[in-house]
Each structure stands twice: as structure tokens, then as C-alpha cells.
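*Asks:* Sharing a structure here in C-alpha cells format.
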Amino acid sequence: MRVKKTWSNTKIIKTRAKRGEGTSAPSPEEIKIYEKFFKIATKNKKNTKTLVLGATPELRDLAIKHGSETIGVDSSPKLLSLLTNVMYYKNSKKNVSVRGNWLEMHKYLEPNSFDVVMGDASFNNVPAKKWRDLFRITNRLLKKDGYLITRHIIYDYPPKKIILYEGVVKKYKQRKGTILGLIFGLGMYTKFAKKCYNQKTKIFDWSFLCEVEKPVGKMLSGKAKVDFINIVTHAKSMLSYMSSEKHFKSKIKGYFVIKGRNRIKKLHHSDILPIYFLKVKK
Ligand SMILES: C[S@@+](CC[C@H](N)C(=O)[O-])C[C@H]1O[C@@H](n2cnc3c(N)ncnc32)[C@H](O)[C@@H]1O
């Protein structure tokens, strides 16, 4: 399947191992929000256990920094090893990683054993028809007072207004936006939206980026250009599963209660990619 291939291709994953702007890594501002929620969830408890849905080094480092035994589960062994390598706490005894599919992890991880589960757009990597399954599995793995903290792409289709892609770049430059916000804008709010998004399957196909890579690259310069090229190398072969917030909430229902949802005004992609703080419902 294409998502799997993308995350395992060596050239592509090298663009992921480089963290910061120009990647889909959570920014320092977003990590602060994760940390705020993490602290509420763990209430300064000792000997906590955290499960990370993926290899995201910033999330695994955050949990280990707070003394939590941390297990990252990811289906790509190459990504696991590359992203472990860029971790601050890579040599910590609390740093554990497992190769596996999130939809199967309840078969080998102990039920009711985690204080926190964290994900970074993890649900956007799983077919929308499987979201309920993943909510059920994370619910089962969490302790009775556990929390799930996750960034998630939301998309209201059709967009209220269709913008020219040149206009998206202009706005990005004027607002000094984020490269991630630029990529979202180019696909989700231009003429490409109709071609890229399948309302039924909730699949968004980012391959349209091949078409805009050169012309948009020409409109950028310096670091912005380098960052744009880096993220496009990775993103153009991606598929994301995304839907309206109403649809996403309908899948959460029954398994979690929404305790918080944070966006960062300063980050222009943050409206599309809020961080959810969900308390388990047992
Ligand atoms: C967590 S998401 C998004 C990562 C984030 N934007 C970042 O830059 O760190 C991507 C990761 O999910 C992994 N992945 C996707 N589907 C998976 C599944 N069903 N089970 C386990 N890992 C999966 C991929 O291998 C990849 O490492």
C-alpha cells in the first residue's frame, strides 16, 4: 500500500529524519502544548508508561524527559532506527521501540497499562473506516484514568472559497506562515482540492505537489525554498485520511471524552492541525 511504501523509502525517510521546519515534525510551540497536556495527564506521577503511535522523536523525548517509560510503535523499521538516532534520549533505558501495526498492537501490549498515548497525525495515516478500531485499541491499552494526546488534520470539504495557488504562496510570504501551512493551503484550498480529495474514502492524495513543485519553488528563496523542497520530496507520495471535525468526533465518541483542543494562533497550519486532549472512557 502506498502509505507504507512512502514511509519506508530510503530517500524519503532521510527528509523526515531532518527535523524542524520543512518536515511534518511538531514545532517547539506544539510540543509545549503536548507537554501541558502530558503534565495534566500524568499529574507528576512516578513510574508512568507512555505509548507513542509512531517514531516521532519529539514526542518520545518529551515523555522520557518526564521520567516515563516510553514505547514507540511504528511499522517502518527504517524510520524507527533513523528517528531514534535523532532523539535526545536515544540511549535512555526508558526508550523502547517496537516494529508493529497500531491496529494489531493490542495482541502483544498489556491492556490497562499505559498512562498516556501520544500520536502525531497518526490517525491521518490509518484508513478512516479503521479509526474506531484504533480508538478502541488505544482505549483498551490505557489505564482507567489515561489520556490520548494527538495532532490531527481536519478538513471541511468543499472549501468555502477556491484560491489560486499563487495567492496561497503570496499569503504565506505576507504572514510569514509555516511550510506545513503552505503545503496544506496549496492542496486543500485551490483547484487541486477537487482532484485530490475523495469525499467517500476520505483520502487526500498529495501527488498534486509534483505539479506545483517547480513553479512554487521559483516563487520562494533561501531557507523557505530548501524547506519547501524537503517537505515536498516526502509529501508528494503521501496519502492522508482526513475529514471534518464533526466526522472525526463521531469516531471518538464512545471511547474518549474531549477535554481540550488546542490551536496556536501564531502557527498558520494550526487551525487545520489542532492538538486533541482526550480522556479515556471505560
Ligand atoms: C505518526 S505519523 C506522522 C509523523 C509526524 N508527522 C512526524 O513527522 O513525526 C507517521 C508514522 O506512522 C507510521 N505508520 C503509519 N501507519 C502505521 C500503522 N498502521 N502502524 C504503525 N505505524 C504506522 C509510519 O511508518 C510513520 O513513521
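The values are calculated or read from the model by the stated rules, or taken from the named source; none is laboratory data. Treat the numbers as computed from the prediction; the structure is a model and nothing was measured. Cβ placement follows ideal geometry from the backbone for every residue including glycine, while neighbour counts extend to all protein chains displayed.
*Asks:* Identify the single condition in (1) in the same structural domain as I40 (by TED's automatic domain parsing); (2) at pLDDT below 95; (3) exposed (fewer than 15 other Cβ atoms within 10 Å of the Cβ) that K223 does not satisfy, given that it satisfies every other one.
*Replies:* So the condition that K223 fails would be (1).
*Asks:* Find the residue count for segment 28-48, including only residues that are basic (K, R) and over 22 Å from the mean Cα position of the chain (by Cα). Before you say what the answer is, go through the steps one by one.
*Replies:* The first filter runs over segment 28-48 and keeps only residues basic (K, R), leaving 32, 36, 39, 43, 45-46.
From the residues that got through so far, the ones that are over 22 Å from the mean Cα position of the chain (by Cα) too are 43, 45-46.
Residues flagged as basic (K, R) and over 22 Å from the mean Cα position of the chain (by Cα) within segment 28-48 amount to 3.
*Asks:* Residues in segment 187-196: is at least one touching a Leu at 6+ places or on another chain (Cβ under 7 Å) and either touching a residue at least 40 places away in the same chain (Cβ under 8 Å) or in the same structural domain as G22 (by TED's automatic domain parsing) (or both)?
*Replies:* No, segment 187-196 has no match at all.
*Asks:* Can I ask one more? Do any residues in segment 86-113 that are free of Cβ contacts under 8 Å to residues at least 60 places away in the same chain have Cβ atoms under 8 Å from those of residues that are among the small types (G, A, S) and more than 16 Å from the ligand (Cβ to nearest atom), where the two are at least six apart or on different chains, and which pairs are they?
*Replies:* Matching pairs, first to second residue: K94/G67; K94/S68.
*Asks:* If you scan segment 91-105, which residues turn out to be aliphatic (A, V, I, L, M) and touching a strand residue (DSSP E or B) at 6+ places or on another chain (Cβ under 8 Å)? Quick ask: steps written out before the conclusion?
*Replies:* As a first pass, look at segment 91-105 and keep what is aliphatic (A, V, I, L, M): 96, 98, 103, 105.
V96, V98, M105 - these are the residues of segment 91-105 that are aliphatic (A, V, I, L, M) and touching a strand residue (DSSP E or B) at 6+ places or on another chain (Cβ under 8 Å).
*Asks:* Considering only segment 235-275, state which residues are of a type in the set (K, R) and in contact (Cβ under 8 Å) with a residue 60 or more places away in the chain. It would help to see each step written out before you state the result.
*Replies:* The first filter runs over segment 235-275 and keeps only residues of a type in the set (K, R), leaving 236, 246, 249, 251, 253, 259, 261, 263, 265-266.
Those that are of a type in the set (K, R) and in contact (Cβ under 8 Å) with a residue 60 or more places away in the chain: K251, K259, K266.
*Asks:* Moving to a separate point now. In the list K107, K65, K93, which residue meets the criterion of being assigned by TED's automatic domain parsing to the domain that holds K39, loosely packed, with under 15 Cβ neighbours inside 10 Å and closer than 20 Å to N47 by Cβ?
*Replies:* Numbers: K107 fails: closer than 20 Å to N47 by Cβ; K65 fails: loosely packed, with under 15 Cβ neighbours inside 10 Å.
Result of the check over K107, K65, K93: K93.
*Asks:* Output the residues belonging to segment 193-207 that are crowded, with 18+ Cβ neighbours inside 10 Å and among the charged types (D, E, K, R).
*Replies:* Answer for segment 193-207, where residues must be crowded, with 18+ Cβ neighbours inside 10 Å and among the charged types (D, E, K, R): K202, D205.
This table checks each residue for (1) part of a helix (DSSP H, G or I); (2) over 15 Å from the mean Cα position of the chain (by Cα); (3) crowded, with 16+ Cβ neighbours inside 10 Å.
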site	(1), (2), (3)
I229	yes, yes, yes
V232	yes, yes, yes
S240	no, no, yes
K246	yes, yes, no
S250	yes, yes, no
V257	no, yes, no
G260	no, yes, yes
K265	no, yes, no
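*Asks:* Quickly run through segment 72-88 and pick out the residues that are modelled with pLDDT of 95 or more and away from the ligand (no atom under 12 Å from the Cβ).
*Replies:* Across segment 72-88, the qualifying residue is only Y88.
*Asks:* Next up: Condition first: basic (K, R) and under 18 Å from the mean Cα position of the chain (by Cα). Now tell me which residues in segment 183-211 satisfy that. Please lay out each step first, then the result.
*Replies:* From segment 183-211, those basic (K, R) are 191, 194-195, 200, 202; that's our starting set.
The one that is basic (K, R) and under 18 Å from the mean Cα position of the chain (by Cα): K202.
*Asks:* Can I ask one more? Among the residues in segment 154-175, are any of a type in the set (S, T, N, Q) and either under 22 Å from K236 (Cβ atoms) or outside the structural domain of E35 (by TED's automatic domain parsing) (or both)? Step through it out loud before you land on a result.
*Replies:* We begin by selecting, within segment 154-175, every residue of a type in the set (S, T, N, Q); these are 174.
Keeping just the survivors that are either under 22 Å from K236 (Cβ atoms) or outside the structural domain of E35 (by TED's automatic domain parsing) (or both) gives 174.
Yes, the conditions are met somewhere in segment 154-175.
*Asks:* For segment 118-148: of the residues being among the small types (G, A, S) and surrounded by 22 or more Cβ atoms within 10 Å (Cβ to Cβ), which is nearest to the ligand (Cβ to nearest atom)?
*Replies:* Just the residues of segment 118-148 that are among the small types (G, A, S), to begin with: 119, 121-122, 128, 146.
After this cut, where a residue has to be surrounded by 22 or more Cβ atoms within 10 Å (Cβ to Cβ) as well, the list is 119, 122, 146.
On the way: G119: 6, S122: 4, G146: 19 Å.
By that ranking, first place goes to S122.
*Asks:* Would you please name the residue that is farthest from the ligand (Cβ to nearest atom), looking only at residues in segment 89-117 that are under 19 Å from the mean Cα position of the chain (by Cα) and within 16 Å of K144 (Cα to Cα)?
*Replies:* V116
*Asks:* Between N124, N112, which is touching a His at 6+ places or on another chain (Cβ under 8 Å) and in the same structural domain as A63 (by TED's automatic domain parsing)? Let's see the steps before the verdict.
*Replies:* On the way: N112 fails: touching a His at 6+ places or on another chain (Cβ under 8 Å).
That would be N124, the only listed residue that is touching a His at 6+ places or on another chain (Cβ under 8 Å) and in the same structural domain as A63 (by TED's automatic domain parsing).
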